[in-house]
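The values are calculated or read from the model by the stated rules, or taken from the named source; none is laboratory data. Treat the numbers as computed from the prediction; the structure is a model and nothing was measured. Cβ sites come from the backbone with ideal geometry, for glycine too, and all protein chains shown count toward neighbours.
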Amino acid sequence: MTELSEPADVERTAVIGAGEMGRGIAAVQALAGREVVIQDLDTDQLDAALEHVEWSLGKSVEKGRLSEAEKEATLGRLSTADELADAVAGVDLVTEAIVEKQAVKESVFADLDEHAPDHAILASNTSGLNITRIAEATERPDRVLGTHWFNPPMLMELVEVVHTEHTDPAIADLAADFVEALGKTPIHCRKDVPSFVVNRCMRPYGEAAAWLVYYDEARKEAVDAAFEYDEEFPMGPFALADFTGGIQLRVDGEADHLADDRLLAYDTRVCPLLHELYEQGRYGRKAGAGYYEYDEEGQKAPV
Ligand code: NAI
């Protein structure tokens, strides 16, 4: 296949990086009938990834969500490669899920560009680095975009499809349709802003919580319990950071995020929009309006 026009055309894929995210993304793609090659610099990670996927599919069989035959067929569609060039030969789509470092990702994308077929779409699973610059490391920036999965990929439904100014809108639509064909829900992030949408909004929770504990102003157990109270959040910021490996991701990406010249003042001070709402008396649900309108019972009015 050299022309990609619909998700079914994406038959062969590669996942670069066999860690927490890469192995899960590979499993989801193989479950959906794609031939997937996983590549990692660390061959132990490749073995661990295959073992993990087998274990995880086994759990699905135990729970009656998958038949033994489907499990075996899925495992049969997964293979590994030590070399990037071997992994991407003949693929239609590559998903990169390696370490969260801008320069390393740019260098890997230059290699992907050299070795992947010209028609292949190149997607990064970065949590928030500059995808525009990653795209500019290739000769096909129109076919580069972000597909930002959430952890664990087998269970989490949302995938942010991040466009850069170079991304061909037809390629972004195809990537979103592909994500949907995998059983996930794509959301288009039409601007490549630091941390995209979900992490951009969630990060301040984690940061504020960390400062509270750093200054001995609250216990982490209390902060987590506060978030989990009444199940408003499935887990508090500390439990979440531990679950996602957020501490490492944050430190790995920290210098890049801080050096990102797209970082705006609103990352560090109160958004002027809040001032506007305040001046209009839109204090929130109790006042009958905030970002949304509310009825007398405090129910959000239909938009
Ligand atoms: P991880 O540390 O579990 O796995 C990364 C893997 O990449 C390792 O196996 C490592 O050996 C391999 N690797 C590093 N450099 C490589 C290279 N040049 N070529 C091939 N393999 C290489 O990391 P994780 O958590 O899977 O994160 C991967 C990416 O996904 C990062 O960009 C991260 O920001 C993003 N992400 C992580 C989430 C999470 O909750 N952990 C959620 C969403 C995105």
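Of the helices (runs of 4 or more DSSP H) lying entirely inside the stretch 213-277, those containing at least 2 residues that are modelled with pLDDT of 75 or more and in contact with a helix residue (DSSP H, G or I) (Cβ under 6 Å, 6 or more places away or on another chain) span 220-228, 237-244.
On the basis of being within 14 Å of residue 14 (Cβ to Cβ), of a type outside the set (Asp, Glu) and at pLDDT 95 or above, does residue 158 make the cut?
Working: within 14 Å of residue 14 (Cβ to Cβ): no; of a type outside the set (Asp, Glu): yes; at pLDDT 95 or above: yes.
Taking the combined requirement at face value, the residue does not satisfy it.
Is one or more of the residues making up the stretch 23-33 buried (at least 22 other Cβ atoms within 10 Å of the Cβ), charged (D, E, K, R) and under 13 Å from residue 153 (Cα atoms)? Within the stretch 23-33, one or more residues are buried (at least 22 other Cβ atoms within 10 Å of the Cβ), charged (D, E, K, R) and under 13 Å from residue 153 (Cα atoms). One residue alone among 218, 259, 239, 210 is over 22 Å from residue 151 (Cα atoms), outside the structural domain of residue 24 (by TED's automatic domain parsing), of a type in the set (Gly, Ala, Ser) and surrounded by 12 or more Cβ atoms within 10 Å (Cβ to Cβ), and that residue is 218.
Determine which single condition residue 133 fails, assuming it passes every other condition in (1) over 20 Å from residue 178 (Cα atoms); (2) near the ligand (Cβ under 10 Å from one of its atoms); (3) under 20 Å from the mean Cα position of the chain (by Cα); (4) touching a residue at least 12 places away in the same chain (Cβ under 8 Å). Here residue 133 meets the rest and fails (2). Just one of (1) surrounded by fewer than 23 Cβ atoms within 10 Å (Cβ to Cβ); (2) among the β-branched types (Val, Ile, Thr); (3) over 19 Å from the mean Cα position of the chain (by Cα) fails for residue 91. It is (1). Only residues that are closer than 28 Å to residue 234 by Cβ and part of a strand (DSSP E or B) were counted across the stretch 113-144, and they come to 2.
So, residue 37, is that one surrounded by 15 or more Cβ atoms within 10 Å (Cβ to Cβ), of a type in the set (A, V, I, L, M) and in contact with a Phe, Trp or Tyr (Cβ under 9 Å, 6 or more places away or on another chain) or not?
On the way: surrounded by 15 or more Cβ atoms within 10 Å (Cβ to Cβ): yes; of a type in the set (A, V, I, L, M): yes; in contact with a Phe, Trp or Tyr (Cβ under 9 Å, 6 or more places away or on another chain): no.
So residue 37 fails the test.
Criterion applied to 119, 115 was being more than 16 Å from the ligand (Cβ to nearest atom) and surrounded by fewer than 21 Cβ atoms within 10 Å (Cβ to Cβ), and the one residue passing it is 119.
The C-beta contact set for the stretch 34-54 (first residue without any contact (Cβ under 8 Å) to a residue 60 or more places away in the chain and under 11 Å from residue 80 (Cα atoms), second residue among the hydroxyl-bearing types (Ser, Thr, Tyr) and not in a helix (DSSP H, G or I), distance under 6 angstrom, 6+ apart or interchain) comprises 36/13; 37/79; 38/80; 46/80.
Residue-by-condition table, conditions (1) touching a Gly at 6+ places or on another chain (Cβ under 9 Å); (2) on the phi > 0 side of the Ramachandran plot; (3) of a type outside the set (Lys, Arg):
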residue	(1), (2), (3)
96	yes, no, yes
100	yes, no, yes
109	no, no, yes
117	yes, no, yes
127	yes, no, yes
138	no, no, yes
143	no, no, no
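Could you check, for the stretch 147-161, whether at least one of its residues is in a helix (DSSP H, G or I), more than 11 Å from the ligand (Cβ to nearest atom) and assigned by TED's automatic domain parsing to the domain that holds residue 15? No, there is no match, as no residue in the stretch 147-161 is in a helix (DSSP H, G or I), more than 11 Å from the ligand (Cβ to nearest atom) and assigned by TED's automatic domain parsing to the domain that holds residue 15.
Scan the stretch 46-68 for residues that are surrounded by 15 or more Cβ atoms within 10 Å (Cβ to Cβ) and of a type in the set (Gly, Ala, Ser) and report the count. Outline the logic, then answer.
Keep residues of the stretch 46-68 that are surrounded by 15 or more Cβ atoms within 10 Å (Cβ to Cβ), which gives 46, 48-50, 52-54, 56-57, 60-61, 66.
Those still in the list that are of a type in the set (Gly, Ala, Ser) too: 48-49, 56, 60.
Total meeting the criteria: 4.
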